[in-house]
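K.L.:
Submitted below is the structure of interest, expressed as structure tokens.
What follows is calculated from the coordinates using simple rules that are stated; it is not laboratory data. Predicted model only: the values in this text are computed from it and were never measured. Quick reminder, even Gly has a Cβ in these numbers, built from the backbone with ideal geometry, and neighbours come from all protein chains shown.
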Amino acid sequence: MSFESLGLRAELMSAIAAQGYTTPTPIQAEAIPVIFAGGDLLAGAQTGTGKTAAFALPIVQMLGENVPPDKRRRPRALVLVPTRELAAQVSEHMNNYARRLSLRSTMIYGGVAIQAQIERLHRGVDIVVATPGRLLDHAERGTINLSRIKFLVLDEADRMLDLGFIDDIHKVAEYLPAKRQTLLFSATYSQSIKQLADELLNHPRQIEVARRNITADAVTQALYEVEKSRKREMLSFLIRKGGWNQVLVFARTRYGADKLTEELLYDGIKAAAIHSNKSQSIRTRTLAEFKRGELRVLVATDVAARGLDIERLPHVVNYDLPQVPEDYVHRIGRTGRAGEMGVALSLVSAEEQPLLLAIEKLLKYSIPHQTLAEFPQYAVKRTVRTKEAKLDKEPSKAQKALKKAAQAPTKRTPREKVVAERPAPKLGRRRSRAGK
Ligand code: AMP
């Protein structure tokens, strides 16, 4: 299958060539003909499969057949996405194609002033890429006219549901004409996705492309078993030892992401965190710095990382395993994209074993374990800095001394006495209770 055989216009063919795409990805090869034929589509495809171009190219081509005068432009395509980051990424693709056919695309999302968006909509646009909440806000204020929408795309629909956008999506749908073409993309098919598809789609063609991150060779997966308190040291060690220059690290919480970032910076590794507590301008700037290679590590939470499009990202690290097994698939989908090799590593503590089992059950694959011969010595050398490190399971010299002091309370040297006066009684009490 070639792009030529998909019937794309010369302007779009040159956009594709400029992006460096030579052959359509499976989702593009399957979805583009369905969309050109006018049917609804229910597509099982993750980020990283090329799904954006799969819907953007045919939509732009069909809208380009009729370009109204500026004043009469109303949005004819609406793409709903879960996050601002994904909105930015989809918009970039849309703009790139749309401008070649004299179409206008704009981006609508919350967390920023609404006025500039109102003005842009007022000037006339053909394509709107939006997060559901802010879009609904515009619809309710009457600052967007959705009555001419021909194409509705729900991108990463599963994530929109995870983020609680279901009611907003239903409300937005009420503003749309019944006669339209609807395309729903989702990485997973839950009961709620099926229900949403039943409500919004009309006899859709269903296509599913291979879960490439699970089956494809493009991502090498591995895990290290490591104590929770040593994860940060191991991460620093892996980054340095491997000479990794662009690593996306997933942390479970915003607090955890900030803390890890601080520690990496302390270790001399240029890092920044991206999560929903950061303002949009900081998130955009951080992502741009990471893309330009000015940051070595980007620490992200699942929500913020959703939809991040970073070309040729070589390393993804699960610093914490995700609570939801499907998120593992989304996370490692940030690497090994579009023909590039990638490595996805997970640092797994004993407490995370149940999460690991759930992930492996979903993948139907046992993630290979790796060990680092050099790491134990390295870790022991560095255990004294943080509070966590002090709680390290492996007894440090100081802990051994405390134990000795507790066991032999008589005839202390002055130094042992000082040590024994503080934490040692705890050990002593525990021991004596255990002995009763
Ligand atoms: P997406 O799943 O749309 O986020 O795309 C994933 C990545 O693949 C993006 O970096 C795209 O630029 C890239 N991509 C999309 N289509 C192709 C293609 N046909 N050939 C090579 N790369 C592609």
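K.L.:
In nanometres, what is the gap between the two model label sites at Asn145 and Ala373, each 7 Å from Cα along Cα-to-Cβ?
P.N.:
According to this spin-label approximation, the distance is 7.3 nm.
K.L.:
Can you compute 3J(HN,Hα) from phi for each residue in region 285-301, using the Karplus curve 6.51 cos²θ - 1.76 cosθ + 1.60 with θ = phi - 60°, rounded to whole Hz and x for Gly and Pro?
P.N.:
Rounded to whole hertz, the list is 5, 4, 4, 5, 5, 5, 5, 6, x, 7, 10, 7, 10, 10, 9, 9, 8.
K.L.:
How far is it, in nm, from the label point at His203 to the one at Ala113 when both lie 7 Å from their Cα along the line to the Cβ?
P.N.:
5.0
K.L.:
Run the numbers for Gln195 and Arg74: contour at 0.36 nm per residue of separation, minus the present Cα-Cα distance, in nm.
P.N.:
Additional length available on full extension: 40.6 nm.
K.L.:
Next up: Let me have the relative contact order for region 4-208, percent, based on Cα pairs under 8 Å that are six or more residues apart.
P.N.:
The value is 28 percent.
K.L.:
Pairs Lys51/Lys364; Lys231/Lys361; Lys171/Lys270: which are spaced more than 32 Å apart, C-alpha to C-alpha?
P.N.:
From the list (Lys51/Lys364; Lys231/Lys361; Lys171/Lys270), the Cα-Cα distance tops 32 Å for Lys171/Lys270.
K.L.:
What are the GluC sites (Glu not before Pro) within region 247-300 that DSSP puts in a loop, where the Cβ has at most 14 other Cβ atoms within 10 Å?
P.N.:
Glu294
K.L.:
Residue-wise, which Karplus ³J(HN,Hα) couplings in Hz belong to region 120-136, taking 6.51 cos²θ - 1.76 cosθ + 1.60, θ = phi - 60°, and x for glycine or proline?
P.N.:
5, 5, 5, 6, x, 9, 9, 10, 10, 10, 8, 8, x, x, 5, 4, 4
K.L.:
Under a crude label model (7 Å from the Cα following the beta-carbon direction), how far is Ser366 from Arg123 in nanometres?
P.N.:
For Ser366 paired with Arg123, the spin-label model returns 6.0 nm.
K.L.:
Rounded to the nearest 0.05, what FRET efficiency do Ala350 and His170 have when you use their Cβ-Cβ distance and R0 = 41 Å?
P.N.:
0.40
K.L.:
On to the next question. R0 = 25 Å: FRET efficiency of Glu225 with Tyr266, Cβ-based, nearest 0.05?
P.N.:
About 0.50, to the nearest 0.05.
K.L.:
Separate question: Would you mind getting me the FRET efficiency between Ser281 and Glu65? Use the beta-carbon distance for r and R0 = 45 Å, nearest 0.05.
P.N.:
Calculated transfer efficiency: 0.75.
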